[in-house]
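The values are calculated or read from the model by the stated rules, or taken from the named source; none is laboratory data. Computed from a prediction, not measured in an experiment: that's the story for all the values here. Here the Cβ positions follow ideal geometry from the backbone for every residue, glycine too, while neighbour counts run over all protein chains shown.
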Amino acid sequence: MKPAKTRQILTAPRSWSDMPWGDYFRDALTQQLQPYLGKLYGFHMLKIGSLSAEINTSQCAISHQVNVGNEGEALHVIASETQLPFESKSIDACLLAHTLAWSQDPHRVLREVDRVLIDDGWMIISGFNPFSLLGISKGLPGLHRRAPWSSRMFSQVRLLDWLSLLNYEVVYRTRFQVVPWHRQGGKMISTHLPALGCLNIVVARKRTFPLTPGKAKKSLSQAQLRPAVNATRQFREVNDQDST
């Protein structure tokens, strides 16, 4: 497995229309996000990266939405994804539409997003699936320098592992758009073989408590319970002796 951090200089496209089938990807991603955009609530939402800025999030209940990125026409704030100019725990939701795909240090981006998110805040991540027609074709000569093949394709399992280390609870994940050059993504194929979808989506919430109790906490709770059980047993024995 290749390390997440790379020294290679990656240049993200300024718009979805700058890559083949980009409009199809944008529309499919927007459609998949609609059911969950209505569940988001709060005061502030960040759409990180120029591709995130083009995702239609008008159905989201969070009215104050800020587009942040290095460059792009639809951006409100020009800033690096690894140095967001916002206070810690001040943002309710963050959308990273293929932001990690062109990041030199995705771990640092996730840590920075985690810093600005409030407790129980939402993080939405999308990217390209390496185990898809798009991912397989990345090995063809002459394509690795062009978008979308120039992006970094992380598997959904790897994304879930990163989020678990940051103590995020994944509430929704899926793959879709099996046939990249078709607007519908190959409806029939997508229904039966969703694992081969070119696009990944992961929706997660930031948690402040451990998602799985550790062994130390389990043993501590058992240790606190035993004295109470013994005390009850001794009380019953004393009562039985008095009654006899």
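Numbers for the structure displayed
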{"read-out": "Residue list for segment 82-103, restricted to those being in contact (Cβ under 8 Å) with a residue 40 or more places away in the chain and more than 17 Å from the chain's Cα centre (by Cα)", "value": "F86, S90"}
{"read-out": "Restricting segment 1-51 to residues that are in a helix (DSSP H, G or I) and of a type in the set (G, A, S), the residue that is surrounded by the fewest Cβ atoms within 10 Å (Cβ to Cβ)", "value": "S17"}
{"read-out": "Residues located in segment 70-109, provided they are out of contact with any strand residue (DSSP E or B) (no Cβ under 8 Å at 6 or more places or on another chain) and closer than 22 Å to F128 by Cα", "value": "G72, S80, T82, W102, S103, Q104, D105, P106, H107, R108"}
{"read-out": "Subset of segment 61-74 [in a loop (DSSP other than H, G, I, E, B) and modelled with pLDDT of 95 or more]", "value": "I62"}
{"read-out": "Selection status of R146, surrounded by 15 or more Cβ atoms within 10 Å (Cβ to Cβ) and over 11 Å from the mean Cα position of the chain (by Cα)", "value": "no"}
{"read-out": "Test: E87 is farther than 20 Å from T6 by Cα, of a type in the set (D, E, K, R) and surrounded by 16 or more Cβ atoms within 10 Å (Cβ to Cβ)", "value": "no"}
{"read-out": "The one condition in (1) over 26 Å from Q34 (Cβ atoms); (2) out of contact with any Leu (no Cβ under 9 Å at 6 or more places or on another chain); (3) exposed (fewer than 15 other Cβ atoms within 10 Å of the Cβ); (4) modelled with pLDDT under 95 that K187 fails to fulfil", "value": "(1)"}
{"read-out": "Set S52, S58: member being at pLDDT below 95, among the small types (G, A, S) and more than 17 Å from Y172 (Cβ to Cβ)", "value": "S58"}
{"read-out": "Index of the failed condition, S151 passing every other in (1) surrounded by fewer than 19 Cβ atoms within 10 Å (Cβ to Cβ); (2) under 21 Å from F25 (Cα atoms)", "value": "(1)"}
{"read-out": "Residue among H98, H76, H107 that is assigned by TED's automatic domain parsing to the domain that holds Q34 and at positive phi", "value": "H98"}
{"read-out": "L160 being within 13 Å of F128 (Cβ to Cβ) and either without any contact (Cβ under 8 Å) to a residue 40 or more places away in the chain or in the same structural domain as H98 (by TED's automatic domain parsing) (or both)", "value": "no"}
{"read-out": "In segment 105-157, the residues that are touching a residue at least 24 places away in the same chain (Cβ under 8 Å), closer than 14 Å to P20 by Cβ and part of a helix (DSSP H, G or I)", "value": "L133, L134"}
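Let's see how each residue does on (1) in contact with a Lys or Arg (Cβ under 8 Å, 6 or more places away or on another chain); (2) in contact (Cβ under 8 Å) with a residue 12 or more places away in the chain; (3) among the charged types (D, E, K, R):
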residue: Q8; (1), (2), (3): no, yes, no
residue: P13; (1), (2), (3): no, yes, no
residue: Y24; (1), (2), (3): yes, yes, no
residue: Q31; (1), (2), (3): no, no, no
residue: K47; (1), (2), (3): no, yes, yes
residue: N56; (1), (2), (3): no, yes, no
residue: H64; (1), (2), (3): no, yes, no
residue: G69; (1), (2), (3): no, yes, no
